[in-house]
Each structure stands twice: as structure tokens, then as C-alpha cells.
Amino acid sequence: MAEFQHLQQLALQSVRATGDGVLEVLQGAPVLDYIERYGVPEITCCNMLAGKADVKYKLVEVFAVHGLAGGVRMTKKHRVDDIYFLTDEGRQALARLREHELHAVIPAPKDLLCFTFSMHCNGGARRGVDGASQANCERDSCGDRFCSSTTGTCAPGCAWATFTTKKKAGYRHLCAFRVVLSATLTQVDRGVVQIRITGQHTRNLEWVPPASDKLSMSLSVRDDLIRSARAGPAQRSNIVAQAEMLLNGLANTSRTVPLRGQVTNVIAYDRRLSRGNVAGSFTAVDVAIRTHHLCLASPLPVTANRDGVIVLFYQSGADKTMQLVVSTRQALEDAHLHARKVALSDAKHDTSTTHAPFATMLCLAPGGGTLPLAVSLSSTENSSTTAQLALSLKMAVRCSDPACPHTFLEQFGPDGAYRRWRACATREPFAPTVSIDKSATSQAAFANVGMATVVCVFHNMAAIIKNLQMAKRVPRAMLAVFEQAIHLLFRAQTSALYQSMLYALLLIVREWGDAGKLRNASVDDVVTYLEEALGLAGTGWEGTMGDHIARDVPGIPTTNNQCESHFRLMDRCIFQEVTTTSFVDLVEILLGTTPHGTASPRLSYFGFFGLQRKEREANRGARIAGDILRRSLEGRWLCLTANVIPAGKYYYVKAGVQRITRDAASQTQRVAARIRETTGSDLSRLHEMLKPLDLPALRSGYYIVDPVVETCFLCSDYIWRGNARDACKHVHAAKAHMGAYGGEAEQRARIQSYVHYIEKKKPVGIPRNAVLYDTASTWEAVRAQLLLGPEPAAPAAAALPVVYSVTLGEGVECNITLQPVQAIVRNSLELEGDVYSIARGSITGVAWSPALKHGRDVLPHDIVLSADGVAITSAESAAHAQMQLMDASRTRVMTVRPFVATKKRDAPSVIAHLADVRQPGMGRAYRRVKHAKIDATDVMRPQDAQTTREKGRVSAAGKRREAKKTRRAAV
């Protein structure tokens, strides 16, 4: 007998049939084993979904025994292997029942039901897709109709399909097979659970179970995975290999042997749920904070607290929960000066292996970039921690008195939390409008402290389109049309116009549904979702999106990308692209001090952004974004070529003028795809609603621009991007005509400077335009050249020689060692036979022929093809060449194929065919650290500063993403 069958017989001994389809099983693990392994195939071979659980907590206490959650559970998710014990009230009810059995008490007490837990078969569905599991289950009857679950459609005449969304929720239209777990007082006392099996998977057909690789993972296997992950680092392949060691006789399915993707998802999900176990009372972090940072009377000296970090809030508990909110005096001053109107907030969870939420509040810096205002480090992220971050900052910002005499106050509250605040904070409340990702918890948190919110357009649009496709089943062909319509809606310049256009958009969606363009998507569901997601009047997201918000709050960003850039700088320059190894390290980086109260040798959070601020101020502001620069240059070009015509407060700007700048190829492909996918969609009603009443008459071939409001009626660039961040090139043209970019001479000089820079940075092999490259060229010549458009592709310049003759004169010492070149290098360079390169040593004072524009020595990795006319093709000839070259009493000649990692245009290199050859250790992060005068050896090694992207390496997943993008663009 196989091992599995033997265990199955032992397990079924604890199962007792008490009726037709009714069983009694011992509580705990036997229930889970029966449902997932040892029960009838109708249960073990289908995917069961948990339904409603009704527990009488006055009668029973629920205990989790699977080892991943301890203690009494009354609000968390229930599992079938939970164990139930009677409470005092339950025992009293049981005693009354026993009393009746002995003395026949009247009225007779009931054997009360303590809990019920229902489950139903998921049918042919898997992860929300009908038919994905390959089972042929039929849906439960509704109007005497059984509908197939494999096609995702109902049979003609099905009553359920005609119900509205709300009415559908009141009727079951799932697979008819169900399992109900329950227990009465007496059953709980005996330690058993009743299992009732009702219904069938099919009515007249033979049931086909889900495919072996489509079964959901067993809870016991899931528990084992989580235990392995929590025990320490473990490779996914080892976990899967261990799971494949099945009992003899047990089928190999995705229920017993998890797929690799399932392993990754389970571990990632558990990490998100277990973020709370990172800190708390009675830990080294807690002691260090309470010792050095929570007393105004005895602060750390300046030599220890170099960044001037101030703890605004701190709370920790024995239940491993904590929150730390810090700022600096400079950050609080920035909040008063630059963040009274607008702030930004976001959080990240990958700063440490414990996944502790690292939440920030930022403001836009004058001249570009961001400034940190306050940071929260906590054991979990929810509305309470976000609200505490905002409230701590709000109560610490000074009043408008330039010489604010109000000092900080501090107190330990009844809840044990430490708070530090200013008494004048309530005189002039700090209540900016905060830009957030589309998170309901963040919105509620900021609303609780009196701060309005605005939603990031990028995250908002991505969430809406994803939900329309995945949850509402909108056809993919209509997604681009929905996206275009929503962009038009966001261009409304007043709140009233926004609401009017939203009503019009909802009517258009219903018309699409009537015309069959939405196919199987429920029109009512789509409209209801858009009402909430787009902020219809009276909904939760009202007033959080659209360009009209920027009219009331100047400077509000359209996206939260500044926060993402802030986090990228942290990852690259502070954490060096490596997750910190411990929570203690993260606290030290944030506070800038060690647990002993001394200055940290690490690069601290506020210290780094202070250095970045000084660098930005030294450079007179941050660099202008490339897309903004290109649009402003195109606007000046339109003005200088007389393509702007005033018309009162409006301007006519000509369309289709020859451009002088070029977008990236990917951007050009995206624009072409948008135009292609939205061709044929009628959104004219929304276009007309955007036009103001006093708009002048349309003129063929021209856009109408209002440079004051920065609106353009209606070019595709304006429709897609709006005017809250930066306007389109036609608005820039009108502003240039008004003198916003100086006089005509200044505009000409700026364009000439730009075209000279473009010509200067052309790579080797592409000839430069002499007129555009010469800074002394006249404007008439430059203008005439630009009007000609892009130059036709010229024949490539002669390639630089790859083989050079190197002469070593008398007295030139040479002590090099040669080694064979690896096969992969030979193949990439198309070299035949064995060749040798310099393994160590170098040769100085040599003469190159042909001469080099940027001279250099003979260096390691240079390939030596011959010495004194003798080819180097073997180990013997290489050894002989080394001896000949060491003789400094005579002149020697080598044939060399050089290898140099350089960005110079004319330097020889065997990798010169690459588009952008980087020098080792010269990544942006390393250059920034060097500029900040920080000892690079203490901060990072040069090779650590290079990101994966800068090194030119792309992961397999990245290659797949790029290939997918290419296929989509081709479609």
C-alpha cells in the first residue's frame, strides 16, 4: 500500500457520516486535510472559495493553530482549521442544555449554532477569468437556467443576466456545489465540526475537474512556504524542490507542488502583511531614541547632530509597533516659506529588509527639485500614521513672524507618545494642498488634519484604465478612446465645467454601450465606476483632479513624480541601490547619529539632500526638463518665423511648421499609437464644451491660444498634457510674442546655442552641419538651414582604424604580461585564431601610427597582434614577444588593436560602436558625491555607484518588457 493511501485511511478514521452529505470531523488540521487531500474528489479536486462566516463570539472563542498567527482571533480571516472553545456564556448555555436532558426543563433550550462557514466551488473561473481552470461546472439555477461557467456568458433567457448590478448581488449564480462548516454547542464541546455537502458541479454532464496546474495552493503548503521565508533567506528553486518531495501515491498538482510564480506571490504577500514586526519597546532602536533625542533640555551637541534632526513624534509599544516622525529646523523653515500652498507626499517600503514604511512630505524647491519637510518611519502604513506625519509637521511650522519667539514645547501624552510642537502653530494653520497617489487612506488621513488633496494624474489614469480593462471588461480597442476622453475632461478650467463635461462623458459612454462598442461590459457598472473614480459631485474624489485645481492653487503639480525622483535619489546615492540590511541602519541614516549618540559615518538622509540643495543653488537652479526645453524652443522658433498672429487676448499660431527639435523615438511611437487607436472616435461634444464663448473664429491651419490661461484650442499635445505643469509649444509661441523670453535677439541667441550643442554632441561617424555648429554664423544663415529640415542621411565617415602601429624607442621600458583573449571577445570582434592581450603592466612614451588626437599609453586589455613583425598566435610566440619587448636597448614596433573605455570622439576603442560608452565609476551618483566633496572611499566604491541601467546590463524581465513594448508599438 502506498504511503499516501495509508495516511488517507488513518485520516478518514476521524470522519463520521451522520446523514446524507453530512459529516463530522475533528476540529483543526483534520478538517483541512479532508477538504484538501483525503476527502471525496468533488471537494479535493476543485477550487473552493471562502464565503460568509458567521461566528457567535459570545458563545465561542476562535484560535488559529496553523502556527502563523497566535492568540484569539475575532476580526481576522477565518480558516477551516481554526479551533473553537466555548466562552463562559457558551458553557452556561451548554449547562442548561444538559440540565434539560436530565430533568426535562420546560421550555426546552436549543442546541445553539455557534458558527457557520460556507465555501463554494469557483467553477471554471480562475483569477477572475471564466474558463481559465478548464472545469465544466454549471452555474446555479436562476430562473430555471443553468449557465456554463467556461464561456463567461449566460444562456439566452437567463433571468440573472437581466438583473441590475445591485440586484445581482442578492442572487447566487455560481457553481451549485457548496460546502458548509458549522458546529453547535454540543459539537464544539466534543471538538468536532460538521461538514455539509450540497449541490453538484453539473446537472446532466459528467464533471470535468480543473486542470492539474490550475488548482489553488494548499493552505498547509502555503504555511510551509511562509515559515521558510520567515526563517531566513531561501532560494525559490530550493523551496520548490523541497515541495516536490511528495508522498508516495500523492498526485503532483499545483495544490501540492506550488508553481514558481505562486511561491513568489505568497512570500511577497506575507512580507506586506508582516511589516509590523520591525520595532517596538525594549529594543536597541527604542533605547537609543529615548536616550538621545527626546529631551529639549539636553539636546545632542552640534558635532553629533550635524543635520540638526528634531524628533516631532515618537511612539512605540510592546506589541512591536512604532512610529518616528523627524524633521530639521531648515526643513521647517522651508515648510513655512515654500509649502504653505502646495506639498507632496508618498511612501516606500523597500528601504530595509523589514519593509518598514518610509513616508515623506516634500515641497517644490525654488528653481526645481524638491525639499524634504518631514519623514515618518513606522511599523505599518495606514491612515493613522499618515495623519500623524501631517499633524506633526503642521504643529511644528512657525508663525509668520520673521523673528518667531515661540520655542518648542514637548510632552509625553497619556498614550505614551512623545510630541514636540510650537505654541504658535495654531495662529496661522499650516494647511497646504497635498499631491498624493490615488489612495483613499491617504486622502482620509490628510482630510482629518485639515489638508486638501489632489490626485496624481499618472497614477489616477493608470488605475482607471486598468480597472476598466480588468474589472469592468471594457474591450481593449476602447481603452485608448476612454483615455482620450478622460484627458479632455481634465482640461476643464473650472469646477463647474468639469462636472458638466463629466455628465456629458457618462452620456457618451451609455451611447457606446447602446451601439455595442463595449461588448460584454456592463454599461451600468462602467458608468457607476466612472462616477466615483472621476469625482462626480457628491462622491469621495470630488475636487481632487483636473486642471482647474491649478487655477485655485498655483504651483500644484499634475503628477507625484517628484516624490518618485526623490526616492530614486535615495536608492542610488544613500542606499547605493542596495536594500539596507537592518532596521537599525535605516534609523541611523534618518537621524544621522549612531545608537551611542555620536555622528554617524554614513551619508545621512537630511545630510545628502542638504548637499544636493547646495549643488542646485551653486548651479543656479535645477536643470530644465528636456521636454519643457524643447517646447519652449519650438515656441520661440514659431515666433521668430512669423507664425504667430495676435487676435485680441487670443493668438493664432500656425500648425505644421518645420520643427527644430526632435523627440525620442519612443515618444514618437506613443503619439502615433494614440492617434491610430483613437481615430474614428467622436468626442466632438467634449471638444466644443472646452471652447470659451468669446473664442474668435476658427482659421484653417491655425491653433487658437490664450497665453494668459495657457490654453490651446485644441492641439493634441495640450489635450494629452494640459497646462498645469507646462504648456504646449503653441502657448510658448504666444508667450514669446508677448516678450516672455526677451527680445528677438535673445530668442535668436538661445536657438543658435541649442543647435550648436546638438551638433557638438553628434557621435563619431555622423558629420556636423558647418553652419549650425559654427557659433559665428549669422541668424539668417542658421534660419535658412533650419527651414530646410533634417539633412538627408549622409554617407558615414570613414571608420577610425582599429589596428595601430606602436613604436617603442630606445630607452622605453616594457614589462608587460600577455594572456589569451577569451573566446567571447574574439567572436564579438570577429578575430580568427588565438590572439593575446595585455594582462598587466603598461607602456609609456610610445608613438602611435596613425597619430591619435587624444594620445595615451599602451594599457591592459589592448590586443597585441605582433611584435617586430612576428605574429603572436600561440603561447610560445607570446613568451618570445615579451622577451623581445623587454629589450630597451633598441627600437621595437608592435601592432596593437587598442581597447579603451572612453567617451572621446576620436579615441580608438574596440567598443566604439556602442552608442554611449561610459567610463568605469563615472555614474551620475558617483559624480554627485565627488562634487559634494565627500570622501568617495567612505561612501561607495566607483563600481557600486553605477546603476544597472548605466552599466548597460538589462535583466531577462527587462528584455521581455522591451520586446513587449516593441510588439505593441508595431501593432
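The values are calculated or read from the model by the stated rules, or taken from the named source; none is laboratory data. Predicted, not measured: the structure shown is a model, and the values here were computed from it. Note that we place each Cβ from the backbone using ideal geometry, even for glycine, and neighbour counts take in every protein chain shown. The accessibility values were calculated without ligands, DNA or RNA, using every heavy atom of the protein model including side chains. Shrake-Rupley method; radii C 1.70, N 1.55, O 1.52, S 1.80 Å.
General remarks:
- When residue 536 is tested against (1) in a helix (DSSP H, G or I); (2) at pLDDT 90 or above, exactly one condition is not met: (1).
This table checks each residue for (1) open to solvent by 10 Å² or more (accessible area, probe 1.4 Å); (2) out of contact with any Leu (no Cβ under 8 Å at 6 or more places or on another chain); (3) not in a helix (DSSP H, G or I).
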| position | (1), (2), (3) |
| --- | --- |
| 492 | no, no, yes |
| 541 | yes, no, yes |
| 554 | yes, yes, yes |
| 562 | yes, no, no |
| 568 | yes, yes, no |
| 585 | yes, yes, no |
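- Test: residue in the stretch 159-172 that is at pLDDT 80 or above and either assigned to a loop (DSSP other than H, G, I, E, B) or not charged (D, E, K, R) (or both): no
- Meets criteria (touching a residue at least 24 places away in the same chain (Cβ under 8 Å) and open to solvent by 80 Å² or more (accessible area, probe 1.4 Å)) for residue 708: yes
- Test result for residue 734, in contact (Cβ under 8 Å) with a residue 60 or more places away in the chain and in contact with a Phe, Trp or Tyr (Cβ under 6 Å, 6 or more places away or on another chain): yes
- Check on residue 246, surrounded by fewer than 16 Cβ atoms within 10 Å (Cβ to Cβ), modelled with pLDDT under 70, over 31 Å from the mean Cα position of the chain (by Cα) and more than 30 Å from residue 595 (Cα to Cα): yes
- If you go through the stretch 852-872 and keep only what is more than 17 Å from residue 899 (Cβ to Cβ), touching a Ser or Thr at 6+ places or on another chain (Cβ under 9 Å) and open to solvent by 40 Å² or more (accessible area, probe 1.4 Å), you end up with 869, 870, 871.
- Members of the stretch 430-449 found to be closer than 16 Å to residue 374 by Cβ, over 25 Å from the mean Cα position of the chain (by Cα) and of a type outside the set (Val, Ile, Thr), listed by number: 430, 431, 432
- Between 812, 802, 825, the distinction of being part of a loop (DSSP other than H, G, I, E, B), hydrophobic (A, V, I, L, M, F, W, C) and under 47 Å from the mean Cα position of the chain (by Cα) belongs to 802 only.
- The C-beta contact set for the stretch 833-851 (first residue in contact (Cβ under 8 Å) with a residue 40 or more places away in the chain and surrounded by 15 or more Cβ atoms within 10 Å (Cβ to Cβ), second residue part of a strand (DSSP E or B) and of a type in the set (Gly, Ala, Ser), distance under 8 angstrom, 6+ apart or interchain) comprises 848/805.
- Flag if residue 653 is aliphatic (A, V, I, L, M), part of a loop (DSSP other than H, G, I, E, B) and surrounded by 14 or more Cβ atoms within 10 Å (Cβ to Cβ): no
- Filter pass, residue 283 being in contact with a Cys (Cβ under 8 Å, 6 or more places away or on another chain) and either open to solvent by less than 50 Å² (accessible area, probe 1.4 Å) or at pLDDT below 80 (or both): no
- A single entry from 337, 332, 389, 362 fulfils the requirement of being in contact with a His (Cβ under 8 Å, 6 or more places away or on another chain), more than 16 Å from residue 589 (Cα to Cα), at pLDDT 90 or above and aliphatic (A, V, I, L, M): 362.
- Residue within the stretch 608-625 that is in contact (Cβ under 8 Å) with a residue 40 or more places away in the chain, in contact with a strand residue (DSSP E or B) (Cβ under 8 Å, 6 or more places away or on another chain), open to solvent by less than 30 Å² (accessible area, probe 1.4 Å) and not acidic (Asp, Glu) present: yes
- Checking residue 441 against (1) crowded, with 16+ Cβ neighbours inside 10 Å; (2) closer than 15 Å to residue 389 by Cα; (3) of a type outside the set (A, V, I, L, M, F, W, C), the condition it does not meet: (1)
- Being open to solvent by 20 Å² or more (accessible area, probe 1.4 Å) and either acidic (Asp, Glu) or over 29 Å from residue 541 (Cβ atoms) (or both) is a property that residue 366 has.
- Within the stretch 550-560, one or more residues are of a type in the set (Val, Ile, Thr), over 30 Å from residue 303 (Cα atoms) and touching a Phe, Trp or Tyr at 6+ places or on another chain (Cβ under 6 Å).
- All of (1) in contact (Cβ under 8 Å) with a residue 40 or more places away in the chain; (2) outside any loop (DSSP other than H, G, I, E, B); (3) not hydroxyl-bearing (Ser, Thr, Tyr) hold for residue 359 with one exception: (1).
- Failed item, numbered, when residue 361 is tested on (1) crowded, with 20+ Cβ neighbours inside 10 Å; (2) more than 14 Å from residue 396 (Cα to Cα): (2)
- Subset of the stretch 695-710 (residues that are out of contact with any Phe, Trp or Tyr (no Cβ under 7 Å at 6 or more places or on another chain) and either under 17 Å from residue 738 (Cβ atoms) or of a type in the set (Val, Ile, Thr) (or both)): 708, 709, 710
So that you can scan it fast, the table gives a plain yes or no per residue for (1) aromatic (Phe, Trp, Tyr); (2) over 30 Å from residue 476 (Cα atoms); (3) modelled with pLDDT under 85; (4) not in a helix (DSSP H, G or I):
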site: 606; (1), (2), (3), (4): yes, yes, no, no
site: 613; (1), (2), (3), (4): no, yes, no, no
site: 636; (1), (2), (3), (4): no, yes, no, no
site: 669; (1), (2), (3), (4): no, no, yes, no
site: 674; (1), (2), (3), (4): no, no, yes, no
site: 677; (1), (2), (3), (4): no, no, yes, no
site: 681; (1), (2), (3), (4): no, no, yes, yes
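- Some residue of the stretch 430-448 being of a type in the set (Ser, Thr, Tyr), outside the structural domain of residue 556 (by the TED database), part of a helix (DSSP H, G or I) and on the phi < 0 side of the Ramachandran plot: yes
- The sole residue among 648, 597, 592 that is of a type outside the set (S, T, N, Q) and within 30 Å of residue 659 (Cβ to Cβ) is 648.
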